[in-house]
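Input: a single structure, listed below in C-alpha cells.
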Amino acid sequence: MAGSSDTVAPPFWLLAELTYKCPLHCVFCSNPVNYADTAAELDTATWKRIFDEARAMGAVQLGFSGGEPLQRDDLEELVAHAHTLGFYTNLITSGIGLTPERARALKQAGLDHVQLSFQDSTRELNDFLSHTRTFEVKKRAATLIKEHGWPMVMNVVMHRQNLPHVGRIIELADELGAEYLELANTQYYGWAWLNRDHLLPTHQQLQEAEAVVNAYRAKLTGRCKVLYVVPDYFEDRPKACMNGWGSVFLAVAPDGLAMPCHAARNLPGMPLPSVHTQSLHSIWFESPAFNAYRGFEWMKEPCQSCPDKAKDFGGCRCQAWLFTGDAAATDPVCSKSPNHEQVVQVVQRAARPDPAAPAVNEFPLVFRNDAASRDAAVQARAVPMARPEPHRC
C-alpha cells in the first residue's frame, strides 16, 4: 500500500553511490558481489536532478559514496551543486585519488565533511586487507583533510583479522588528528557475507577489544571521540536497521536504482524503482519497494505482538532473508526469533571451529574484484546474488 506525505516523513539523508569502481579490493566491501553486472552509471545531469528532487522533499544530508567517489571526474561539480542547494555534504572515501589539487577544488565547491577509511593500523596489515599498497597514500590524504579544515571521521571496519590491533588503530587515529573514530564492526552482506568464516570474531575478541576501547576513551577525552558498536550477531535484540525501512534513509545506486538500505538490491522478488522512470517523490511515497516494510502491518509473529517493535522495527530485512529466505521474517539475531539458533551456531563455530570442517581452508579470503575466485566461491557456498533461492547456514 502506498504511503502519503501525511503519514510518511520525507527522507532525511540521501546517499549517492556514485560508482562501484574502486581501487581497493577489500574483503568486507558492502557493494554487491555481482556489482560488475550493473548497468551504466548515472550521468552528471541525472545526479543533479536527483539532488534537486531530494532537497525539494526536505532531505538535508547528502553522502557521496561508492565504490570510491573520487573515481568520478565530476565529483567537484556534484558537490558544488549540492552545496548551492543547502545540503550538508559528506565525502565517504578511501582517500585514494585525493590529491592536493582535488582537495582544494572540493573545498572551494563547499564540501563540509570527510570520512576517511583505513583497514588497519600498519602498512602491512592495511595493505593486506585492501589487497593494495595504499597505507601511505591514506596517511597523506589524512594530512590533506586536516590542512583544509574539514572535520575528519576515520572509519575502520572491524573483524576477526584486526580486532586484536584496536589499540594501535586508536593510536593511529589520534596521531592523524581525527575528531571521530568509527570502529564499525562488520555487517555481513556483500563481500563480507562471502568471507564471513574469516571475518566473524569470537566473544573473547569482542570483550577484549571493548575493554581496550573504553580505556582509550578515557585517555582521549577532548581529542578524539571513539564510536564502537557491538556487531549484530552478538546481541539478543536486533538494531533498528536504518532507523526503520523507508524512514529516514534513501540510497541511489550508480545505475539509478533507489534503495531503502545499502543491501536492498539483493532482496528477491522486490523490483526496486529506478530514477530513470520515476521521480524521487514517487519512489519514496508510492513505490511498493519503499512501502513494503513500513509500519507494522507486514510483521509476522513474534514481531507483531512484541512491545519492542516500535524500537527495532523487526530488525534488518536483508539479514532476515540471508538466514531464512524470508525478508519478512523476524531478524534472526533476535532471541525471540524461531531462527535465532542459526545465528548462535554461526557464533559458536567462530569460537570453536570444527577441525573436520574444511570451509576456511577450502575457501580462502575472496578479495573484491577477483572475479574468478568470486564466481567459484559463490557457486560453492551458495551465496545469494539477487536470486530467490535462500541461503542455508
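The values are calculated or read from the model by the stated rules, or taken from the named source; none is laboratory data. The shown structure was predicted, so the numbers you read here are calculated from the model rather than taken from an experiment. Positions of Cβ are generated from backbone atoms using ideal geometry, with glycine treated the same way; all protein chains shown enter the neighbour counts. Accessible surface areas use protein heavy atoms only, side chains included; no ligands, DNA or RNA. Shrake-Rupley method; radii C 1.70, N 1.55, O 1.52, S 1.80 Å.
Check VAL226: other-chain or 5+ apart residues with amide H under 5 Å from its amide H, H built from backbone geometry?
Those qualifying (amide H under 5 Å, at least 5 residues apart or on another chain) are LEU181.
Over the chain, what is the relative contact order in whole percent, taking alpha-carbon pairs under 8 Å and six or more residues apart?
Reported as a whole number, the value is 19 percent.
Residue by residue through the stretch 101-106, what is 3J(HN,Hα) from phi via Karplus (6.51 cos²θ - 1.76 cosθ + 1.60, θ = phi - 60°)? Round to whole Hz and write x for glycine and proline.
Listing the rounded values in order: 5, 6, 4, 4, 5, 5 Hz.
Along the stretch 281-287, what does the Karplus equation 6.51 cos²θ - 1.76 cosθ + 1.60 (θ = phi - 60°) give for ³J(HN,Hα), rounded to whole Hz, x for Gly and Pro?
4, 5, 4, 5, 8, 10, 5
Check LEU91: other-chain or 5+ apart residues with amide H under 5 Å from its amide H, H built from backbone geometry?
So LEU91 has HN proximity to PHE64, HIS113, VAL114, GLN115.
Leaving out same-chain residues fewer than 8 places away, which lysines sit with a Cα under 29 Å from that of LYS311?
Counting by Cα, and skipping residues close in sequence, LYS311 has these lysines nearby: LYS225, LYS239, LYS300, LYS336.
Obtain the nm distance between the two label points defined at LYS336 and HIS276 by a simple spin-label model: each point lies 7 Å from its Cα along the Cα-to-C-beta direction.
Calculated label separation equals 4.2 nm.
If you count the DSSP beta bridges with both ends in the chain, what percent of them are antiparallel, to the nearest 5?
Details: 3 of 36 bridges.
Antiparallel bridges: around 10 percent, rounded to the nearest 5.
Report the normalised scattering of the chain as log10 I(q)/I(0) at q = 0.11 Å⁻¹, calculated by the Debye formula with identical scatterers on the alpha carbons.
Ignoring solvent entirely, the Cα scatterers give -0.83.
Write down the Å³ per residue value for the convex hull defined by the alpha carbon atoms of the stretch 103-206.
Given the Cα convex hull of the stretch 103-206, per-residue volume reads 111 Å³.
If you average the sequence gap of Cα pairs under 8 Å that are 6 or more apart and divide by the length of the stretch 17-106, what percent do you get for the contact order?
The value is 37 percent.
Regarding the stretch 1-103, what's the average projected area of the Cα-atom convex hull, expressed in nm²?
Details: hull surface 33.0 nm².
Averaging across all directions leaves 8.3 nm² for the Cα convex hull.
Under 5 Å between amide hydrogens, which residues at least 5 positions from MET158 or on another chain qualify, with H placed 1.01 Å from N in the peptide plane?
ALA184, ASN185, THR186
Summarise the accessible area of the chain (1.4 Å probe, protein heavy atoms) by the percent that is carbon and sulfur. Spell out each step's value before the answer.
Numbers: 8820 of 16600 Å².
Carbon-and-sulfur percentage of accessible area, whole number: 53.
When only Cα pairs under 8 Å and 6 or more residues apart are kept, what is the percent relative contact order across the stretch 57-169?
24 percent
Starting from the Cα of LYS311, move 7 Å in the Cα-to-Cβ direction to define the label point; list residues of the stretch 233-250 whose amide nitrogen is under 16 Å from there.
Answer for the stretch 233-250: 235-241, 243-244.
For the chain, what does the accessible surface come to per residue with a 1.4 Å probe? Please give it in Å².
Working: 16600 Å² over 393 residues.
Accessible area per residue: 42 Å².
Calculate one ³J(HN,Hα) per residue across the stretch 69-77 by plugging θ = phi - 60° into the Karplus curve 6.51 cos²θ - 1.76 cosθ + 1.60, and present them in order as whole Hz with x for glycine and proline.
After applying 6.51 cos²θ - 1.76 cosθ + 1.60, I find x, 5, 6, 8, 5, 9, 4, 4, 5 Hz.
Using the Cα atoms as the points, what is the convex hull volume per residue of the stretch 83-135 in Å³?
Normalising the Cα hull of the stretch 83-135 by residue number yields 80 Å³.
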